[in-house]
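Have a look at the structure below, then the notes.
The values are calculated or read from the model by the stated rules, or taken from the named source; none is laboratory data. Just so we're clear, the structure is a prediction, and the values are computed from it rather than from any experiment. For neighbour counting, all protein chains shown are included, and Cβ atoms are generated from backbone atoms with ideal geometry for every residue, glycine included.
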Amino acid sequence: MTKKRPSIYLTLTLITIATVGGIMALQTYYSSTSTRQQMLDQLTAGAERSFIALAKNISELIAAYSANEYQRIIANELELKNGLAIIVDDLKMGEVMGLQAYRSGSIRDADWKIVDFDPNNSAQKALLETSFYSHRHSITNDRGEVLGWLTHYASDRELQQHLDALLMRNLIDSLAISLLLIIALFIAIRSRLLQPLGQIVKALEHKDDDGIPHHFVPRGGPREIALLADTLNRMIGAIDHSRKELRNQHRALEQEQERFHLAVEGTLDGLWDWDMRSNHLYHSPRFETMLGYDPGELPDSPEAWTGLLPPEDVAMTEHLGKAYMETRGEGIYERTFRMRTKAGDWRWITARGKAVFAEDGTPLRFVGFHTDVTHMIRQQQELLEQKALLHYQANHDALTGLANRTLFNDRLEQAIVRARRNHSKLALLFIDLDHFKEINDSLGHRAGDMILNSATQRLQKGIRAEDTLARLGGDEFTVLMEGLHQEQDASLRAEDILQQMARAFIIDGHELYVGCSIGISIYPDNGISARDLLKNADAAMYKAKNEGRNNFQYYSAEMTTLAFERLHLESALRAAISNDEFVVYYQPQIDVSRRQITGVEALVRWQHPGMGLVSPAQFIPIAEASGLIVEIDRLVMRQAMTQLLQWRQQGLDTGTLALNLSVKHFQRKDFISAVISALVDTGCNPEWLEFEVTETQVMDNPTESIQMLHRLDDLGISLALDDFGTGHSSLAYLKKMPISKLKIDQSFVRDLPDDAEDAAISKAVIALAQSLGLDILAEGMEKQVQIDFMLEHGCNKVQGYFYSKPLPAAAMTEFYTSWQGKNVHRMFA
Amino acid sequence: MTMEGLFRRIHTAMIDRRVMRFYLGFFLLLSFVFIPAQASAEEPLGASKRLAYLVSDIRIPFWAIMARGIQHSAASQGFSVEVMSADNTAKLELENSVKAIRRKVDGIILSPTNSSAGATLLKLAAQAKIPVVVADIGADSGSYVSYISSDNAEGAYLIGRILAERMHDLGWQDGRVGIIAIPQKRENGQARTSGFMRALEEAGIKGADLRQQVDFSHQETYRFSRELIQAHADLRALWLQGSDRYQAALEAIRDSGKEGQILLICFDAEPEFLDLIPQGALVGAAMQQPFLMGQMAVESLQRHLQGEPVERLQQLPILAVSADNIDQQLPLIRRNVLGLLP
């Protein structure tokens, strides 16, 4: 192979010739180019100077149309400058001749004689195009106006002749110098470089089977070759030394391996070694015995290893393994997991290992130890359980298991933060058992503890699941109520608690009456810190004690009054249901354009024996809050449906019966069956009915409400969305609701048509109903202008005092009759 | 010479000189006003050849008369001719040339504003392959069919001899002759001076001094004349190489108090000369023959167009007129100098 390569002698020869030849060629080229450029610069500079003067000289002749005069001057100038041609583009003459410019001048012919320039002579044109230099100069008059152009063309004839001679001379010089240089270099290289190198090569040829020379090489020649000889000699020495070292290392390695094997066999940990190229997993016998297997019993595949993991851990273990590989073995891989033993129970194993990677990032090998950490893990779990127990004890009352003062304070503070953020209210009930001390003193602490436990159970029944009940100590309990709609809602809870606690406690055969006093403070009305709320609830509690115990008091007297009123009204409502004190009134719904009664809306009225007619605004919210509204609605529904059938039997054209429906109904499981039984019992056709639901209520729980509305729709009952515009319906929900009618709330109608905002809202609601294909009805019509407004904007159906206030059934019967009479009269009028 | 004498002399021609002067003035007016219109009236019919006469300034009588000679000759040859005056401006002259070349006339007669402009016009015509005959004022270079000019040297020589004879007759042969010359850069100026000086030398009369006209104004001629008279006490004659400023020279002689002591002789002719020469106010004048020159130009072109050879240079004799020969020369003067046809 090496013999086919050219010798250093030949290589140096070629390099020398090429280098010297190349440099000389470059030098010749550079010299010619710079000489040419120099000559060219002289020529152009001279030409430009003389042409400025020439242009000035002939400008007057051009202005005077003296073409012949300037042509003579140009011919002389050309003769003088030895140029190729001078051409004048005379704009003045051109203008007269209808040309862009009159082109004339002087040019050399083939014999280098000056002749007149003829623009039509193609040979002259070709000559100009091949000119090697041209310069154009404008001809201007004194005022700076351009009269024409003067163009000088130069031939490279003389320049070329001069350069040819120069090039020839340079070439001969270069060749001679090159030859001398090459010969001198040859002699020097041969004696100074090649001979010492040859001696080194000769010494290297005497070598052993591994190609290592037997002897050191001779040292001679210039510094680099001597250095080469030194280096070679050092290398020969070093190789010899390395061979001896390698033999020593081999022996050490053998000892090391022996030590490692002994260690692996002696340790409690199991070794694993995963060759990722062959996918072969080695594990030491210790790993197998760790899991109750005999050595060699487990297959040596990673799949077999994975099979020992709990199935739910496999995916995570594989994921973490991959994640470690993606880090290219950064740090140590460590994971603790369970593995099934041969007997089928589980051991906690920690795997620690490290991977080796190829340069391209491919993992090659993954090696580590398995350690049985079952014992340690169990200890940790016990520790955690103890910690949780301590935490629980620190936050809970040991006797009742309720939150203690610490936990309650913490929850109260958190609740205050939430209420502040949501702009909601919360109530704190401070409960003190009324006769606990006497019982404790007379019957002993055990009985006292039993009372406290029973009281705890009763209190838990009296509160909502989301409320927090705590025992602060002794016979003091607190209840935290969040998400309060009205302050009075807390009184309902207090009332429940009072009732629960009023019943006798049976302790060791004793019938004991304990009772309690409750103080209520409201955030933010009675304090904005946990401390203030608690202090004020405590103060209210003492007020309750002073009021004769077994009652509740708000921190503020007004709230207490309102709460009692409400409680009174609620109990009156319950009585009203059983006493049948509710009466149904009817308000007609009119289609103005067709002059027709399209229906009546059934409205409940409460005829209280003492209070007289109670306003719906007064009792409906309480009925809603207490859930009594469902009973009331059902009564109204039946009463109205019976009345409707009566009217129809009388032959009256009643239209639809609109019934208000609280969404509270939807929470009753028997709602649909109650509707069906009312239909069956009264004999009403579902198509005659229309249920009105309020937008606000529906949007409180849209998904459930819409589902219920669909069931009503399936029965064939029409649905209307009441008070539309006062809530915040999503259009998406609106589309999903099976409603057929929108009612414009009277609050938007009251100031029509003067209030621009109300007018805009009404128009928008009408447009929305039209675009969704819904019927539309406006409530609260009191004036003709309001009706005109609605008609003008496409709402024909209205309801309100303008036509009639809500009427009792008998009056409504009269209204029907007289309306039909009017219509008949109008028909025949 | 009295008015009666003059009357008698021209009687043979049946024309009163006053009548003739009237005609001359009238003709000049006519030529000035009507020549372009007349030319356009002579637009070619059928295959008749069309010529263009490019003239430096038709307002100058000499050129107007030559134009008439051209038109006269062209009419008889069946040519139409368009006279295009440059009004002595280079631009208009160039425009006229371009116009003629564009119209593809069959031949051009050229009296350029100067010989240099003539060279340019000849070049343009040569490029359009239109034959050109140059009349009176030559061209610096260029190719043409023929160049017709007056034999200035011979004319000057003849007039020089007339002056010399007159000075001998008066016994003033020792007196000197001052020359108010046209620019000697001009070929005709040189020819006139050399011809005249040859005649003086032959007669042994010495020349005094030579002043070259620059602006050809009345005032300039008057000044030059006064300077020559004042500088040379023995000055006996002034030779004016032109004709139109003769009045200035006469005034200078009179104002110098040398009336009757210094003779005046001119080159070229003015209508007044027909009176002044017989009266003796002028010794004589060398008269060119513009009408004849025009005729010859047309004939030369016609020969060339027919393929006949034409002499490249043609020189016309100049009439040397003195009181002694004015009667014999009158028919020639009327026709060839003044362009008046019987």
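At least 1 residues that are assigned by TED's automatic domain parsing to the domain that holds A:Gln460 and within 21 Å of A:Phe564 (Cα to Cα) in each: list the strands (runs of 3 or more DSSP E) lying fully within the range A:487-545 that qualify.
Details: elements: A:505-507, A:510-512, A:516-523.
Result: A:516-523.
Being more than 26 Å from B:Pro183 (Cβ to Cβ), of a type in the set (S, T, N, Q) and under 15 Å from the mean Cα position of the chain (by Cα), is that true of even one residue in the range B:320-338? Checked against the condition, which is being more than 26 Å from B:Pro183 (Cβ to Cβ), of a type in the set (S, T, N, Q) and under 15 Å from the mean Cα position of the chain (by Cα), the range B:320-338 yields at least one hit. When we screen A:Arg277, A:Arg335 for residues that are among the basic types (Lys, Arg) and in contact (Cβ under 8 Å) with a residue 60 or more places away in the chain, the only hit is A:Arg277. Within the range A:125-159, the set of residues being within 14 Å of chain B (Cβ to nearest Cβ) and out of contact with any helix residue (DSSP H, G or I) (no Cβ under 7 Å at 6 or more places or on another chain) is empty.
Would you point out which residue out of B:Ala67, B:Ala52 is modelled with pLDDT of 90 or more, aliphatic (A, V, I, L, M) and over 23 Å from B:Ala269 (Cβ atoms)? Even if it seems obvious, please write down each step before you answer.
On the way: B:Ala67 fails: over 23 Å from B:Ala269 (Cβ atoms).
The match here is B:Ala52.
For the range A:86-105, does any single residue satisfy the condition of being basic (Lys, Arg), assigned by TED's automatic domain parsing to the domain that holds A:Asn141, touching a Ser or Thr at 6+ places or on another chain (Cβ under 9 Å) and under 26 Å from A:Ala154 (Cα atoms)?
Within the range A:86-105, the subset basic (Lys, Arg) is A:92, A:103.
Imposing the further condition that a residue be assigned by TED's automatic domain parsing to the domain that holds A:Asn141 reduces the set to A:92, A:103.
Now restrict to residues that are touching a Ser or Thr at 6+ places or on another chain (Cβ under 9 Å): none.
Scanning the range A:86-105 turns up no residue that is basic (Lys, Arg), assigned by TED's automatic domain parsing to the domain that holds A:Asn141, touching a Ser or Thr at 6+ places or on another chain (Cβ under 9 Å) and under 26 Å from A:Ala154 (Cα atoms).
Please state which one of A:Ala398, A:Ala394 is of a type in the set (A, V, I, L, M, F, W, C), outside any helix (DSSP H, G or I), surrounded by fewer than 11 Cβ atoms within 10 Å (Cβ to Cβ) and out of contact with any Lys or Arg (no Cβ under 7 Å at 6 or more places or on another chain). Talk me through it step by step, then tell me what you get.
Details: A:Ala394 fails: outside any helix (DSSP H, G or I).
It is A:Ala398.
Taking the range A:487-496 as the range and being modelled with pLDDT of 85 or more, more than 13 Å from A:Gln553 (Cβ to Cβ) and of a type outside the set (Asp, Glu) as the test, only A:Arg493 passes.
Checking the structure you have, find out if any residue of the range A:156-173 is surrounded by 15 or more Cβ atoms within 10 Å (Cβ to Cβ) and in contact with a Gly (Cβ under 9 Å, 6 or more places away or on another chain). No, the conditions are met nowhere in the range A:156-173. Against the list (1) in contact with a Ser or Thr (Cβ under 9 Å, 6 or more places away or on another chain); (2) within 14 Å of another protein chain (Cβ to nearest Cβ), the condition A:Asn121 fails is (1). From the list A:Leu40, A:Leu26, A:Leu84, the one residue that fits, being in contact with a Lys or Arg (Cβ under 6 Å, 6 or more places away or on another chain) and away from chain B (no Cβ under 14 Å), is A:Leu84.
Among the residues examined, A:Ala764 does not qualify as more than 23 Å from A:Val693 (Cα to Cα), at pLDDT below 90 and part of a helix (DSSP H, G or I). Among residues of the range B:290-306 that are under 14 Å from B:Arg50 (Cα atoms), those with a Cβ under 6 angstrom from a residue that is hydroxyl-bearing (Ser, Thr, Tyr) and in a helix (DSSP H, G or I), sequence gap 6+ or separate chain, pair up as B:Val298/B:Ser73.
Identify, from the list A:Thr371, A:Thr350, the residue that is over 39 Å from the mean Cα position of the chain (by Cα) and assigned by TED's automatic domain parsing to the domain that holds A:Ala304. Show your work before the answer.
Details: A:Thr350 fails: over 39 Å from the mean Cα position of the chain (by Cα).
Exactly one residue qualifies, and that residue is A:Thr371.
Scanning the range A:615-631 for residues that are in contact (Cβ under 8 Å) with a residue 24 or more places away in the chain and surrounded by fewer than 22 Cβ atoms within 10 Å (Cβ to Cβ) yields A:Gln618, A:Ile622, A:Glu624, A:Ala625, A:Ser626, A:Gly627, A:Leu628, A:Val630, A:Glu631. Scanning the range A:87-116 for residues that are out of contact with any strand residue (DSSP E or B) (no Cβ under 8 Å at 6 or more places or on another chain), acidic (Asp, Glu) and away from every other protein chain (no Cβ under 14 Å) yields a single hit, A:Asp111.
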